[in-house]
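Here is the structure we will look at.
The values are calculated or read from the model by the stated rules, or taken from the named source; none is laboratory data. Keep in mind the model is a prediction, meaning the values are calculated, not measured. Here the Cβ positions follow ideal geometry from the backbone for every residue, glycine too, while neighbour counts run over all protein chains shown. Note: accessible area is taken over every heavy atom of the protein model, side chains too, but ligands, DNA and RNA are not part of it. Shrake-Rupley method; radii C 1.70, N 1.55, O 1.52, S 1.80 Å.
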Amino acid sequence: MYKDLREFIGLVDKLGMLRCIDGADPRFEIGGITEVAAGLPECPALLFDDIKGHQRGFRVFTNATTNVPRAALALGLDPALRPLDALKAWMEKRKTLRLHQPVDVSRAAFLANTQSDSDVNIGRFPAPIWHRHDGGPFIGSGSLVVMRDADAGWINASIYRVQVHGPNKVTVQFDHSGRHGAIIARKYWDRGESCPVAIVHGEDPALFVAGFEYLPDGRSEYEFAGSIKDAPIEVCAGPQTGLPLPAHAEIVFEGRLLPINETSLPEGPFGEFTGYYAGAARPGPVMEVTAVHHRNDPILLGSPPMKPPRFHFGLPLRAATIWSNLEAAGVTDIAGVWQHVSQLMTVVALRQRYDGHAKRAALVAAAHSYMTRIVVVVDDDIDPSNLADVMWAAATRCEPAEGIDILRNAWSSALDPRIPPQDKERSITSHSKAIIDACRPFAWLDKFPATSALSADEAREIEAKWGSQIDGRQRTADR
């Protein structure tokens, strides 16, 4: 498996999925190119170099894991797997994951170059303004913020966005006060102390996945990343903070997070994964950067939120959790679960065994679908990962007057653009969910017209025999 981000980029290149872009402007162009590329059928990963206003060799890598093959590659799975098969493979792998404690090493690649104190200049690194109405350049859109709990001593290394405010100042946005990073910072601040912190840019994809995984209190992302790779993450103590930092990272900032009641700067706005802005700028805690370390020719990992269906990870890991929730609730014969529109739409495929089976599955899925407004249940001949397949079922098997139910006062978020501003001001962030039964009616299942389409097995046989000619790898002139 890949050792670091550079090895992962090399594997992506071998798959023919890497495009190199020279001369882009970090102001809007890198973000724009990233979004356009993410919307293409091939959805290539991008490596930017010779970036306007920056030294050649100071690079940005985007769309790292935005499609199924690269997401599978990041998880140590076969990138050739079909979408639903890849999600099944991850579910099976997760059942047998062994946590690996990180191991200390004396040398770190990120210590090849160091600037400290008055020599610190974050501006040397290309920090894109990803969206046209963002509040400024965000160097951290896929970066780890590393902190040590002041009481228990465990290490938190989660992904929080990081905005640049000057040569040695950034803000860190913790989303809400219940996030581990916010809780840890508050412990230091309540003692009248600044919080030691490090920001890791250009971590490997296993650490990236661990950084957005919801882990229990006291469980470090380093352990989870090690379980993905089935090998311990190598860490090296930061020279200024003493925090354990991934030895093969590209760029590391060290410093202290100042008490927010003493120092703050306007943070945001920043385009969200819904494709909208969630609000105006608000006060954010300030990190005073006292040291910068980086490898030669460093690579910033950029993962900006984009308009759906573009998403930072090509496999909907929450769908795997919902699938497990269904099985744990005793809902049998689940053929697959998927999420579309950046996890805002959940689809469950099942083999109907009894009247009400589909509704039962839908209710369980809805209860575990964060921010999702639409839950669709389809028969097991429908591939839930194929939105065109799902819409065919909805358009031909759902009778709207009978097959659509509305759940009210359901689980959502302040990021939901449809919740009225006056409700958000009162911390009311619930919404309604539509449940769409797009299954053949169970009461006359045996009388429903037979489909003329190939079955999944038949389609696989055709692809196995004729796929190389269908997709153009073998041209008529070459015969």
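The stretch 335-479 gives an Rg/Rh value of 1.11, both radii derived from C-alpha positions and Rh following Kirkwood. With contacts taken as Cα pairs under 8 Å at a separation of at least 6 residues, the chain carries a relative contact order of 14 percent. Computed from the Cβ-Cβ distance with R0 of 56 Å, the FRET efficiency linking W444 to Y370 stands at 0.95.
C20 to S455: FRET efficiency via 1/(1 + (r/R0)^6), r the Cβ-Cβ distance, R0 60 Å, to the nearest 0.05? Plugging the Cβ-Cβ distance into 1/(1 + (r/R0)^6) gives 0.90.
On the accessible surface of the stretch 190-337, probed at 1.4 Å, how many percent belong to carbon and sulfur atoms? Carbon and sulfur atoms account for 49 percent of the accessible area of the stretch 190-337. The distance from the alpha carbon centre of the stretch 332-357 to that of the stretch 127-196 is 37 Å, rounded to a whole number. In this Cβ point-charge picture (+1 for Lys and Arg, -1 for Asp and Glu), the chain has a dipole of about 280 debye about its Cα centre.
The alpha carbons of the stretch 189-326 stretch over 46, 41, 35 Å along the principal axes, in descending order. Labels on offer are [x] 163; [y] 261; [z] 147, and the one holding volume of the Cα convex hull per residue in Å³ computed from this structure is [x].
Taking the DSSP bridge list for the stretch 258-405 and keeping only pairs wholly inside it, about 65 percent are antiparallel. For M345, the accessible surface of its heavy atoms amounts to roughly 20 Å² (probe 1.4 Å, protein chains only, rounded to the nearest 10). Over the stretch 41-157, the alpha carbon radius of gyration divided by the compact-protein estimate 2.2 N^0.38 Å works out to 1.41.
Sorted into 5 angstrom bins from 0, the C-alpha pair distances of the stretch 279-326 split as 5, 11, 10, 13, 15, 16, 16, 9, 4, 1 percent.
Counted over the chain, the DSSP beta bridges are approximately 70% antiparallel. Kirkwood radius and radius of gyration were both taken over the C-alpha atoms of the stretch 120-263, and their ratio Rg/Rh is 0.94.
DSSP assigns beta bridges within the stretch 1-124; of those with both partners inside it, close to 40 percent run antiparallel. Heavy-atom accessible area for F61, with the other protein chains in place and a 1.4 Å probe, reaches approximately 0 Å².
Over the C-alpha trace of the stretch 295-421, radius of gyration and Dmax come out as 16.6, 63 angstrom. Estimated from the Cβ-Cβ distance and a Förster radius of 25 angstrom, the FRET efficiency linking R191 and A237 is about 0.65.
Here the scattering of the stretch 245-352 is modelled by Debye summation over its C-alpha atoms, one equal scatterer each and no solvent; at q = 0.10, 0.12, 0.13, 0.15 Å⁻¹ the log10 of I(q)/I(0) is -0.56, -0.74, -0.81, -0.92.
Enter the Cα centre distance for the pair the stretch 18-54 and the stretch 247-282, rounded to the nearest angstrom. When both Cα centres are located, 22 Å separates them.
Dipole size of the stretch 376-472 about its Cα centre, with +1 on Lys/Arg Cβ and -1 on Asp/Glu Cβ: approximately 520 debye, rounded to the nearest 20. Over 16 Å, how big is the tail of the calculated P(r) for the stretch 222-278, in percent of all Cα pairs? Result for the distance tail: 67 percent. When Lys and Arg each count +1 and Asp and Glu each count -1, what net charge do the other residues less than 11 Å away from V209, Cβ to Cβ, add up to? That sum, taken over residues with Cβ under 11 Å, equals -3. With 30 Å as the limit on Cα-Cα distance, the pairs of K169/K229; K93/K187; K88/K359 that go past it are K169/K229; K93/K187. Residues R440, R148, ordered by accessible area of protein heavy atoms at a 1.4 angstrom probe radius and largest first, appear as R148, R440. Could you give me the percent of Cα pairs per 5 Å distance bin for the stretch 1-92, shortest bin first, beginning at zero and ending with the bin that holds the maximum distance? Once binned at 5 Å, the Cα pair distances of the stretch 1-92 give 3, 14, 23, 20, 18, 12, 6, 3, 1, 0.
Accessible area, 1.4 Å probe, largest first: how do H180, H368 sort? Write out the running numbers ahead of the final one.
On the way: H180 40, H368 85 Å².
Accessible-area ranking of H180, H368, largest first: H368, H180.
Derived from the Cα gyration tensor, the three semi-axes of the equivalent ellipsoid of the stretch 103-169 are 25, 18, 12 Å, largest first.
Subtracting the Cα-Cα distance of R179 and R107 from 0.36 nm times their residue separation leaves 22.8 nm of extension gain. Inter-label distance, D230 to I462: 3.6 nm, where each label sits 7 Å from its Cα along the C-beta direction.
Heavy atoms of the protein chains alone define the surface here; on that basis the stretch 112-205 has 36 Å² accessible area per residue at 1.4 Å probe size.
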